[in-house]
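Chemist: Quick one: this structure, given as structure tokens, is what I'll be asking you about.
The values are calculated or read from the model by the stated rules, or taken from the named source; none is laboratory data. As the structure is a computational prediction, the values presented were derived from the model and not from experiment. Positions of Cβ are generated from backbone atoms using ideal geometry, with glycine treated the same way; all protein chains shown enter the neighbour counts. The area values use the complete protein model at the heavy-atom level, side chains included, leaving out ligands, DNA and RNA. Shrake-Rupley method; radii C 1.70, N 1.55, O 1.52, S 1.80 Å.
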Amino acid sequence: MAIISDDSGLEKRVKKNPVIKPETIEYDNTFENTIRPKDFESYIGQTSLKETLKIILEAAKRRNKPLDHMLFYGPPGLGKTTIAGVIASQMGVEIKITSAPALERPRDIIGILMSLKGGEILFIDEIHRLNKVAEEILYPAMEDFTLDMTTGKTQTAKTLRIPLPKFTLIGATTKAGELSSPLRDRFGMIHRLEFYTVEELAKVVERTAKILEIDITPDGARAIGMRSRGTPRIANRLVKRVSDFAIVKYDGKIDERVANESLDILKIDEFGLDNTDRALLNLIIEKYDGGPVGVETIAAALSEDVRTIEDVCEPYLLQAGLLQRTPRGRKVSPEGYRHLGKKMPSMQTRLFGEED
Ligand code: ADE
């Protein structure tokens, strides 16, 4: 039994079978799983996505047809896996969850496809990391619900067409641009998940606190929401950390003061930036005059890998307007300088059109 981790940090137990047999994937009863919403009503935020999905699901039910394949993309932690789970439970079907790096050999993807039953959902996380062979197995599976298998040597080779049940593939990725166009074109719906507002995050915090029996005031929830970088997974992590402080250092209840003081100690600032984010901005300012500088250089200097910088740190810094992406590399914006309490060099100020 191997443990694999996906970008959501959830550990999945994958029972590996030596022959072409389905991989059974079970979610651990982890923290993230106990607080995961199971229906549209308890899923906060992503309003336009929810409205679209409600229509699509209702139409599929009335037609008695499986759902179209769907692709969700956006930064980690915004609820791609969660929404796939909500879709499955609203349709009353099973969901099999895997991630592209776990589908290394052809038999991995074949096994999982053959294990599906009609109407079921196959969720592939990090789908941009699927290898070419797995992708080519997926094309006829997605389009015609068939598995095309070649047997024998080149001259006597035969193609075997094995019918598959009509399933729905839900792909998730942080990098839609890295999907090949033949794969992207086979999804009937492509949707980008958006960062959450502070109000939405405050609701996520209140909901999680209720499930975990954590005492919190609306102002306390809002204070945590403000420092959660638009990301419910971070909000959920912070509510637990702040609750630890509330129990040990205060009277157990999280109010605005307890939340802010605890987050200050955790070195999460008012924008939700942590030490790595601040180190990234500081590096560009101190060593590269505010940029532009290439992401590889930034990653090497911070001893982080490029993927972590690009997928985890940058999306929020860009969205918050603290960092800018230019063809020549990354640049700290005037807002980024201001946030760190630093003065922009005058040349940069003029280029950005700011007063000296
Ligand atoms: N936990 C993580 N994401 C959530 C969401 N969108 N709504 C409610 N709880 C969540």
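Chemist: Restrict the check to the range 165-186 and report whether at least one residue is open to solvent by 20 Å² or more (accessible area, probe 1.4 Å) and more than 23 Å from the chain's Cα centre (by Cα).
Modeler: Yes, the conditions are met somewhere in the range 165-186.
Chemist: With the condition kept exactly as written, say whether any residue in the range 173-185 is within 16 Å of the ligand (Cβ to nearest atom) and more than 16 Å from ARG129 (Cβ to Cβ).
Modeler: no
Chemist: For the range 93-117, name all the residues that are open to solvent by 10 Å² or more (accessible area, probe 1.4 Å), of a type in the set (Val, Ile, Thr) and under 18 Å from THR174 (Cα atoms).
Modeler: ILE97
Chemist: Right, next: Out of everything in the range 189-230 that is on the phi > 0 side of the Ramachandran plot and touching a helix residue (DSSP H, G or I) at 6+ places or on another chain (Cβ under 9 Å), what residue ends up being nearest to the ligand (Cβ to nearest atom)? Step through it out loud before you land on a result.
Modeler: Start the filter on the range 189-230 by keeping residues that are on the phi > 0 side of the Ramachandran plot, which leaves 213, 229-230.
Going one step further and asking which of them are touching a helix residue (DSSP H, G or I) at 6+ places or on another chain (Cβ under 9 Å), we end up with 229-230.
Details: ARG229: 14, GLY230: 12 Å.
Out of the qualifying residues, it is GLY230.
Chemist: For residues in the range 250-273 being aliphatic (A, V, I, L, M) and assigned to a loop (DSSP other than H, G, I, E, B), which is surrounded by the fewest Cβ atoms within 10 Å (Cβ to Cβ)?
Modeler: It comes out as LEU266.
Chemist: Just one of (1) among the hydrophobic types (A, V, I, L, M, F, W, C); (2) surrounded by fewer than 18 Cβ atoms within 10 Å (Cβ to Cβ); (3) within 16 Å of the ligand (Cβ to nearest atom) trips up ILE247, so point out which.
Modeler: (3)
Chemist: Of the numbered conditions (1) at pLDDT 95 or above; (2) open to solvent by 30 Å² or more (accessible area, probe 1.4 Å), GLU120 fails exactly one; give the number of that condition.
Modeler: It fails just one condition, (2).
Chemist: Which is farther than 28 Å from ILE309 by Cα and not basic (Lys, Arg), of SER243, SER228, SER262?
Modeler: Within the list SER243, SER228, SER262, the selection yields SER243.
Chemist: Within the range 193-224, restricting attention to residues that are in contact with a Leu (Cβ under 9 Å, 6 or more places away or on another chain) and not hydrophobic (A, V, I, L, M, F, W, C), which residue is surrounded by the fewest Cβ atoms within 10 Å (Cβ to Cβ)?
Modeler: Filtering the range 193-224 down to residues in contact with a Leu (Cβ under 9 Å, 6 or more places away or on another chain) leaves 193-196, 205, 221-224.
Adding the requirement that they be not hydrophobic (A, V, I, L, M, F, W, C) leaves 194, 196, 222.
On the way: GLU194: 17, TYR196: 25, ARG222: 19.
So the residue we want is GLU194.
Chemist: So, one more: State yes or no: is ARG237 surrounded by 15 or more Cβ atoms within 10 Å (Cβ to Cβ), under 30 Å from ALA299 (Cα atoms), within 16 Å of the ligand (Cβ to nearest atom) and not hydroxyl-bearing (Ser, Thr, Tyr)?
Modeler: Values: surrounded by 15 or more Cβ atoms within 10 Å (Cβ to Cβ): yes; under 30 Å from ALA299 (Cα atoms): yes; within 16 Å of the ligand (Cβ to nearest atom): yes; not hydroxyl-bearing (Ser, Thr, Tyr): yes.
The answer is yes for ARG237.
Chemist: Could you list all residues from the range 72-95 that are over 14 Å from LYS50 (Cβ atoms), of a type in the set (Gly, Ala, Ser), in a loop (DSSP other than H, G, I, E, B) and touching a residue at least 24 places away in the same chain (Cβ under 8 Å)?
Modeler: Scanning the range 72-95 gives GLY74, GLY77.
Chemist: Out of curiosity, is LEU317 within 30 Å of GLU178 (Cβ to Cβ), modelled with pLDDT of 95 or more and under 21 Å from the mean Cα position of the chain (by Cα)?
Modeler: Yes, satisfied.
Chemist: If you don't mind, another one. For a quick check of your reading of the model, give me the residue pairs whose first member lies in the range 235-261 and is among the hydroxyl-bearing types (Ser, Thr, Tyr), whose second is surrounded by 18 or more Cβ atoms within 10 Å (Cβ to Cβ), with beta-carbon atoms closer than 6 Å and at least 6 apart or on different chains.
Modeler: SER243/ILE214; TYR250/VAL258
Chemist: Same structure, new question: Is it the case, given these coordinates, that LYS50 is open to solvent by 20 Å² or more (accessible area, probe 1.4 Å) and in a loop (DSSP other than H, G, I, E, B)? Write out each step before concluding.
Modeler: Values: open to solvent by 20 Å² or more (accessible area, probe 1.4 Å): yes; in a loop (DSSP other than H, G, I, E, B): no.
No; evaluated as a whole, the condition is false for this residue.
Chemist: It is to be established whether one or more residues within the range 142-157 are closer than 29 Å to ALA100 by Cα, part of a strand (DSSP E or B) and open to solvent by 80 Å² or more (accessible area, probe 1.4 Å).
Modeler: Yes, some residue in the range 142-157 is closer than 29 Å to ALA100 by Cα, part of a strand (DSSP E or B) and open to solvent by 80 Å² or more (accessible area, probe 1.4 Å).
Chemist: Report the residue count in the range 294-340 for those that are at negative phi and not in a helix (DSSP H, G or I).
Modeler: Looking only at the range 294-340, we keep the residues that are at negative phi, and these are 294-302, 304-320, 322-328, 330-340.
Going one step further and asking which of them are not in a helix (DSSP H, G or I), we end up with 294, 304-305, 320, 322-328, 330-333, 340.
Total satisfying the criteria: 16.
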